[in-house]
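One structure is given here, and the rest of the page talks about it.
The numbers here are math on the coordinates, done by the rules we state, and not lab data. This structure is a prediction, so every number in the text was calculated from the model and none was measured. Neighbour counts run over all protein chains shown; Cβ positions are idealised from the backbone, glycine included.
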Amino acid sequence: MTTHLQASLFDQTDEVRLAPLDGLRRTHLGSGAWIDLLPGWLSGADALFERLAAEVPWRAERREMYERVVDVPRLLAFYGAGDPLPHPLLTEAREALSAHYAEELGEPFTTAGLCHYRDGRDSVAWHGDRIGRGARQDTMVAILSVGAPRDLLLRPARGGGETVRRPLGHGDLIVMGGSCQRTWEHCVPKSTRAAGPRISVQFRPHGVR
């Protein structure tokens, strides 16, 4: 797969490694929802992007929407509990997140879903991860972003309130926790600006999609 990633001026290394998670900063959104953010958690993120873009068995999907079948506007891959992840760094990241949030979450992160946004035309619509336990229980979804930054937007699920915008890429980490999947929605909108490719890796506990 051909990608055209403009490298970050602040991440000029091929050594892929994680920083400590003690730099996480929490923002309370309301209704029991919160997000933790750690910019640049991963050094060498552009090198990891190139590996994942080239080596992950990406698949294109079609889904029924609005009474017709349409192309999903991004490429996808999914690794279930027990599946080997496509790079050792992702295993290390999942273990570090599981250890950091062990007391608060009460269980480990077990799965990894990957999305490849090839350019500004790729997107994901407003949604919450409510398939399975996320529809009725507080949970967490941790997202590691590599490649060019794209905006992640969050808004209250019942309308009203302020939309929260966080540009994520080049090794940034965001964790959505508490009631976030039930009481808030998130999306990656299409962009009319020139947007380079981005890959997001979503770590989730068992039974949350």
| For the stretch 143-163, list residues with backbone N below 18 Å from a point placed 7 Å from the Cα of ARG51 toward its Cβ? | 144-148
| said: Let's test the formula: R0 of 22 Å, r as the Cβ-Cβ distance of VAL69 and LYS190. What FRET efficiency results, to the nearest 0.05? | reply: 0.65
| field | Pairs of alpha carbons in the stretch 20-205 whose separation is greater than 31 Å (percent) | value | 11 percent
| Positive-end residue, the chain charge dipole about Cα centroid, Cβ charges, pick of SER123, PRO57, TYR79 | SER123
| Contact order normalised by residue count of the chain, Cα under 8 Å, 6+ apart, percent | 28 percent
| What ranking of THR91, THR139 emerges when the number of other C-beta atoms within 10 Å of each C-beta is taken as an exposure proxy, fewest first? | THR91, THR139
| request: Provide the gained length on full extension for the span LEU37 to ASP14, in nm with one decimal, where the gain is 0.36 nm per separating residue minus the Cα-Cα distance. | output: 5.9 nm
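Hey, what's the Kirkwood Rh for the stretch 9-111 if you take every pair of different alpha carbons, in angstrom? Don't skip to the end; give the middle numbers.
Values: mean 1/r = 0.0604 Å⁻¹.
Taking the inverse mean of 1/r over all distinct Cα pairs, the stretch 9-111 comes out at 16.6 Å.
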| request: Take the Cβ-Cβ distance between HIS206 and ARG59 as r, set R0 to 30 Å, and report the resulting FRET efficiency rounded to the nearest 0.05. | output: 0.85
| note | Heads up, the stretch 129-206 by the C-alpha gyration tensor (a ≥ b ≥ c square roots of eigenvalues; a/c under 1.5 rounded, else a/b over b/c prolate, else oblate) looks oblate
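Could you list LEU76, LEU48, LEU42 so that the one with the fewest beta carbons within 10 Å of its beta carbon is first and the one with the most is last?
LEU76, LEU48, LEU42
Given Cβ point charges of +1 (Lys, Arg) and -1 (Asp, Glu) and nothing else, what value in debye, to the nearest 20, does the dipole of the stretch 20-205 about its Cα centre take?
Working: 24 positive and 23 negative charges, 144 e Å.
Dipole about the Cα centre, nearest 20: 700 debye.
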| field | Residue of GLU107, GLU67, GLU55 that the Gaussian network model of the chain assigns the largest fluctuation, springs spanning Cα pairs under 10 Å | value | GLU67
| Most exposed first by the Cβ proxy, i.e. fewest other Cβ within 10 Å, how do VAL70, VAL208 rank? | VAL70, VAL208
